[in-house]
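The values are calculated or read from the model by the stated rules, or taken from the named source; none is laboratory data. Computed from a predicted model, the values in this text were never measured in an experiment. We place every Cβ from the backbone using ideal geometry, glycine too, and count neighbours over all the protein chains shown. Accessible surface areas use protein heavy atoms only, side chains included; no ligands, DNA or RNA. Shrake-Rupley method; radii C 1.70, N 1.55, O 1.52, S 1.80 Å.
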Amino acid sequence: MIPAPRTLTKAQWQASNGPDYVSVWAWRQQMVARFRTDPRLIVGMEAYYKAAPWDFVNHWVVTYDPRRTDPGTTAYVPLIMFQRQEEFVRLLHQALLSSASVLVDKSRDMGVTWLACAFSVWLWRFWPGSAVGWGSRKAELVDKIGDPDSIFEKMRIILRWLPKELLPRGFDINDIRCASQMKIMNAEHGSSIVGEAGDNIGRGGRKLIFFKDESSHYEHPEMIEAALTSNTNIQVDISTVNGPATIFQRKRDAGRVWVPGADLAQDLVNVFIFDRSDHPMKTDEWYETARRKALSEGLGHLFAQEVDRDPSAAIVGTIIRAEWVRAAVGAAERLGIKETGMWGAGLDVADSGPDLNALAIRRGITLKVVLNWGDCRGDETARRVIDIVEEYAPIEVQYDCIGVGASVKSEIGRLEDDRVLPRGVRFVQWNAAAKPLMPEGRVVEDDEDSPLNQDYFHNLKAQGWWQLARRFERTWRALNDLDFKYDPDNLISIDPGIPLLHQLIKELTQPVMSKTAAALKQVVDKVPDGQRSPNLADCVMQAFWPADTKRPMVIHPDVMRNVRRRGEMRRRLVASGYGYV
């Protein structure tokens, strides 16, 4: 007997260049013959597939791919999943059982909509009384008869290729009572799949589960969210990214990334990441070829958005490019740079409301820790930071000292006056509105045509962000340009184990640069398009751009004992710009 089709691992898929479709078609024909010879098998089949939608997909679903143009091939092929695709179907099943919502942050052309359509057909067939909803931004994207790019035509294709033994009794795909515009009915089980479009999404009555395709592209997403909240317990948002300020992106950033085997969150959206690297055919070679083609056509920003899942790719004036930040993750190890240098930190103090305190800790060029926590009084923030950084002493903490940071400044002053500040922990005021450092220096060192810092930057914040961007750019060039000469101390590396890594990458690429109207100097807009303040990124910037160039620091003997060689400590202090006392 021919073995049943099954999901392929990435390695299996690449080794065989995809599924053996001839064997899959033969297995299906063999099973249909057995159903017709022994109808009792259908009863067992129903019970089996009700508990295993992933096997239903591999065994019976057909997809359509018009790019298959080789002689002797057909555009209709069995949907044999690769590993990440099966994990998505299992997540949908888990969400169904636990009434949890899902958001799919996907790269382009991963087959997600086909999988969700297949899951919808499975639910319609094997869960009596189920009501499935589907929506997209335009009606023709939801259903356009004969157009396989539309959602309902995909489901009709799946139904047309199912053997009659797997269809409900009396179902006829050509009968308007069974399948009409934006509606597929299962009269035997009382199940339905209904479509809605645009602002009408969520207005068509209660649903067991509702799929929202192209979820980041809706014109009035708040209206849709309000309607769906009362009409379904299970939302599935599917989309490529479309900028950092969309409702889709806010939900994604507030959600929890799901990993196989983990329980689903009930109070947060469960985020499923479908990266291009998950696809067995989208190899690094494919990626580089496609990226170069996009760049040559002037479409690099769209490639970054659609393939790299970069929500900030299309923003004009972004200070730090996302590809630079991604390159910095684990850069020190890849470049063979040994971890050395003093410990330093940056503290961004929370404003009122949803704003969060944020702390970044680095050693030399490597960002080791980023943390954030809810709003609290300035004195509490100061003491909490001390508790965190004391284990890294000697360490210098640069903190936002103006506005809401004034309360932290007051508490630090009190602790210093009372001589209770832990030894080796030093706080340095960081004033974003201050004048740029080295005002007579050039923006680009050793370039006499480059403007002076005092003429180019409006304040210290603009200079700090510009300098951080240069660190990321140099790191990217060090990894991608074999002829690039660099000083390791001028790079930046991010520890890949940081739990808030995705949020940090997003925030680092959020701010944009613009010019003042009066003096045409560079200023930073940290919250374009109504986004939240990038607190994590701000504290990283502060940690990597010292407030002054020479600053005395007293190192207590008890702290010095933690360092094996006193001479090495002195050398590091001097090299880092400290005056040693």
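Here are the numbers for this structure:
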{"read-out": "Stretchable slack from D387 to R6, in nm (0.36 nm times residue separation minus alpha-carbon distance)", "value": "131.9 nm"}
{"read-out": "Lysines whose Cα lies under 28 Å from that of K409, excluding same-chain neighbours fewer than 8 positions away", "value": "K368, K435, K461, K526, K550"}
{"read-out": "Accessible area in square angstrom per residue, the range 428-500, 1.4 angstrom probe", "value": "54 Å²"}
{"read-out": "Length gained when the stretch S407-V32 is fully extended (0.36 nm per residue, less Cα-Cα span)", "value": "127.5 nm"}
{"read-out": "Once exposed loop chymotrypsin sites (Phe, Trp or Tyr not before Pro) are cut out (DSSP; at most 16 other Cβ, 10 Å), longest piece of the chain", "value": "1-483"}
{"read-out": "Anisotropy class of the range 82-165 from Cα gyration tensor, a/c 1.5 cut", "value": "rounded"}
{"read-out": "In Hz, Karplus ³J(HN,Hα) per residue of the range 489-503 (6.51, -1.76, 1.60; θ = phi - 60°; x = Gly, Pro)", "value": "5, 9, 9, 8, 10, 10, 4, x, x, 5, x, 8, 4, 4, 4"}
{"read-out": "Long-range HN-HN contacts of M342 with modeled amide H, under 5 Å", "value": "G364"}
{"read-out": "The range 184-250: GluC sites (Glu not before Pro) in DSSP loop, at most 12 other beta carbons within 10 Å", "value": "E219"}
{"read-out": "Inter-label distance for N17 and A262, nm, one decimal - labels placed 7 Å from Cα along Cα-to-Cβ", "value": "3.8 nm"}
{"read-out": "Whether the range 32-71 is rounded, prolate or oblate, judged on the alpha carbon gyration tensor where a/c under 1.5 counts as rounded", "value": "oblate"}
{"read-out": "Estimated inter-spin distance, I145 and N431, nm [label 7 Å along Cα→Cβ]", "value": "7.3 nm"}
{"read-out": "Label point distance in nm, M223-E165, each placed 7 Å from Cα along Cα→Cβ", "value": "4.9 nm"}
{"read-out": "Greater than 20 Å apart at Cα, pairs in K138/K506; K183/K212; K106/K251; K183/K207", "value": "K138/K506"}
{"read-out": "Interchain or long-range residues, amide H under 5 Å from V428's placed H", "value": "V397, Q398, Y399"}
{"read-out": "Trypsin sites (Lys or Arg not before Pro) within the range 370-453, DSSP loop, no more than 15 other Cβ atoms inside 10 Å", "value": "R377, R419, R423"}
{"read-out": "Whole-number percent relative contact order across the chain, with pairs defined as alpha carbons under 8 Å at least 6 apart", "value": "12 percent"}
{"read-out": "Paramagnetic reach from M513 in the range 463-494 [backbone N under 14 Å; point 7 Å along Cα→Cβ]", "value": "463-474"}
{"read-out": "Computed over the range 286-416: relative contact order in percent, which uses C-alpha pairs under 8 Å that are six or more apart", "value": "18 percent"}
{"read-out": "Per-residue ³J(HN,Hα) for the range 86-96, Karplus 6.51 cos²θ - 1.76 cosθ + 1.60, θ = phi - 60°, Hz, x for Gly and Pro", "value": "5, 4, 5, 4, 5, 5, 4, 5, 5, 5, 4"}
